[in-house]
Amino acid sequence: MGSLKSHISAETVGKVITCKAAVAYAAEQPLVVEEIRVDPPQRMEVRIRVLFTSICHTDLSAWQGQNEAQRMYPRILGHEASGLVESVGEGVRELEIGDHVVPIFNGECGECDYCRSEKTNLCEKYRVNPFRGTMVHDGKCRFSTKDGKPIYHFLNTSTFSEYTVLDSACLVKIDQNAPLRTMTLLSCGVSTGLGAAWNTADVQSGESVAVFGLGAVGLAVVEGARTRGASRIIGVDINPEKRIKGEAIGITDFINPKDLDVPVHQKIKDMTGGGVDYSFECAGNLEVLREAFSSTHDGWGLTVILGIHPTPRLLPLHPMELFDGRRIVGSVFGDFKGKSQLPQFAHQCVKGEVKLEEFITHEMPFWKINEALQLLIDGKSLRCLLHL
Ligand code: APR
Ligand code: ZN
Ligand code: ZN
């Protein structure tokens, strides 16, 4: 692994760096791969050399400018990555130049009431916040165009760049022996899905699960349920091609809602004798959420929301429906406390307890990023790994 150090140089430490990044200038317009300037890290910040990044659906929604929070330009998107520490700002104690790291969009300062509570993985200061486009420390951008115009940050991370600056609370140190290529997936999709099954729902051996939306997030839920020994894992997707990957990872049944003449929840109830123990909404769609909710067993069913839903629509439920004993809960970053729990999760992945390789369907050089975006739009990729 020592060879990776050639990607960073002592000469750039603490100075402004000029490097390549993919900049979003307007909704739905191709990202522009161009030279930008990246300032050195300020107090409690770290600058990293990104070696791999991949595109998650949340980057896609931001690129499409679906929510008001996302229409901030120019901006560098991207939140799934891995890389090396290149410079550390004043006050940073736990990270050093050359450390292998994975960014987390949902940071952990370790000191606030939230970080000290076992009931949440949201940090007071560094929790995921789509409205923030600048650094917490001084409300400024560390990126600028070559003619000096500030470029906004995204989800505490902005990984579509050779170099990026993050709060140290948003970086997890990973064992030097873990392959960074697959560790990239822990930055969002795989941790989010797997953690929803392990931590949020806490699926037990012999229980039944329905997963709505078989993208990388949904398939990571499938992987989480499989590793816990779930007896029935029903995958639901309107794209029939998702069945193949779903079966490779562990679904026991596949439902394409378009092939049914009854609602999906009816079919699931018939298949399971009253409904599944858990359902997971991984499509970011309210009709899907409604079906997921109605698919669980009354008395104890739990629906976990992972999809990001466009504003301003509200939950499609009548409050009295909750009196039937079905519960519904949201899960951010799979309820993992990133900085303290991800190193152990990474270790389990390296030992082979979790199949990571299945999630990488494509790889290409970073400058082809618009092609990678299109693959996700067309439903052809799970994760396309971009090499920087
Ligand atoms: N019913 C069932 N499945 C659907 C539906 C629907 N009505 N609409 C979309 N899907 C499926 C898509 O076919 C796709 O396979 O949901 C899947 C979404 O997967 P990706 O686009 O690969 O997204 P992913 O990165 O897995 O993120 C999942 O989490 O980030 C949020 O809201 C975002 O929708 C995204 C979700
Ligand atoms: Zn993501
Ligand atoms: Zn905190």
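The values are calculated or read from the model by the stated rules, or taken from the named source; none is laboratory data. Bear in mind the structure is a predicted one, so any value in this text is a computation, not a measurement. All Cβ positions, even for glycine, are placed from backbone atoms using ideal geometry, and neighbour counts span all protein chains on display. Protein only, heavy atoms only, side chains kept; ligands, DNA and RNA dropped before computing areas. Shrake-Rupley method; radii C 1.70, N 1.55, O 1.52, S 1.80 Å.
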Along each principal axis, Cα extent of the range 263-337, largest first, Å: 33, 29, 22
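On full extension of the chain, what length is gained from Arg93 through Leu60, given 0.36 nm per residue of separation minus the C-alpha to C-alpha distance? Don't skip to the end; give the middle numbers.
Values: separation 33, 0.36 × 33 = 11.88 nm, distance 3.45 nm.
Extending this stretch completely gives an extra 8.4 nm.
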- line: Over the Cα atoms of the range 229-293 the radius of gyration and the largest Cα-Cα distance (Dmax), both in Å, equal 11.3, 31
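Find me the longest stretch of the chain that has none of the exposed trypsin sites (Lys or Arg not before Pro), where exposed means in a DSSP loop (not H, G, I, E or B) with at most 14 other Cβ atoms within 10 Å. Present the calculation step by step, with values, prior to reporting the outcome.
Details: sites that count: Lys15, Arg43, Arg71, Arg93, Lys119, Lys140, Lys146, Arg313, Lys351, Lys380.
Result, exposed sites excluded: 147-312.
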message: Per residue of the range 236-242, what does 6.51 cos²θ - 1.76 cosθ + 1.60 with θ = phi - 60° give for ³J(HN,Hα)? Whole Hz please, x for Gly and Pro, Karplus curve as stated.
response: 10, 7, 7, 9, x, 5, 6
message: Can you give me the convex hull volume of the Cα atoms of the range 299-347, divided per residue and expressed in Å³?
response: 112
- prompt: Per the Kirkwood definition applied to all pairs of different Cα atoms, how many angstroms is the hydrodynamic radius of the range 25-92?
  reply: 13.8
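Considering every pair of different Cα atoms, what Kirkwood radius, in Å, is found for the chain?
Details: mean 1/r = 0.0472 Å⁻¹.
One over the average 1/r among Cα pairs gives 21.2 Å for the chain.
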Accessible surface of the range 337-388 [probe 1.4 Å, protein heavy atoms]: carbon and sulfur percent: 52
query: Expressed as an acute angle from 0 to 90° and rounded to the nearest 10, what is the orientation of the C-alpha long axis of helix 338-350 relative to the principal long axis of the chain?
result: 70
message: Test of understanding: given the chain, find the longest segment containing no GluC sites (Glu not before Pro) that are in a DSSP loop and have at most 13 other Cβ atoms within 10 Å.
response: 125-240
query: If you average 1/r over every pair of different alpha-carbon atoms in the range 198-332 and take one over that average, what Kirkwood value in Å do you get?
result: 14.5
statement: Applying the gyration tensor rule to the Cα atoms of the range 112-164 (axes a ≥ b ≥ c; rounded if a/c under 1.5, else prolate if a/b exceeds b/c, else oblate), the class is prolate
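What value, in deg cm²/dmol to 500, does the helix sum -39500 (n - 2.57) over DSSP H runs of n ≥ 4 give at 222 nm once divided by the residues of the chain?
Per the formula, -6000 deg cm²/dmol.
Using the Kirkwood radius over Cα pairs, work out the Stokes-Einstein diffusion coefficient for the range 111-242 at 37 °C and 0.692 mPa s, in µm²/s as a whole number. Let's see the in-between values first.
Details: Rh = 17.6 Å.
Here the translational diffusion coefficient equals 187 µm²/s.
Just the C-alpha atoms of the range 307-381: what Rg/Rh do they give, with Rh taken as the Kirkwood radius?
Details: Rg = 18.8 Å, Rh = 17.0 Å.
Ratio of gyration radius to Kirkwood radius for the range 307-381: 1.10.
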statement: If one builds a Gaussian network model of the chain from Cα atoms under 10 Å apart, the most fluctuating residue listed among Gly83, Gly98, Gly274 is Gly274
- prompt: If you add up the charges near Ile251, with Lys and Arg at +1 and Asp and Glu at -1, over every other residue whose beta carbon is less than 11 angstrom from its beta carbon, what do you get?
  reply: +1
- line: Surpassing 29 Å at the alpha-carbon level, of the pairs Lys146/Lys380; Lys149/Lys173; Lys245/Lys269; Lys15/Lys380; Lys146/Lys173; Lys267/Lys380, are Lys146/Lys380; Lys149/Lys173; Lys15/Lys380; Lys146/Lys173
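Counting Lys and Arg as +1 and Asp and Glu as -1, what is the net charge of the other residues whose Cβ lies under 14 Å from the Cβ of Asn121?
Working: positive: Arg116, Lys119, Lys125, Arg127, Lys337, Lys339; negative: Glu108, Asp113, Glu118, Glu124, Asp335.
Result for the neighbourhood of Asn121: +1.
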task: Bin width 5 Å, alpha-carbon pairs only: give the P(r) of the range 43-173 as whole percents, running from 0 to the bin holding the largest distance.
output: 2, 11, 21, 23, 22, 14, 6, 1, 0, 0
- line: For Tyr152, other-chain or 5+-apart residues with amide H closer than 5 Å (H placed, Pro excluded) are Arg75, Ile76
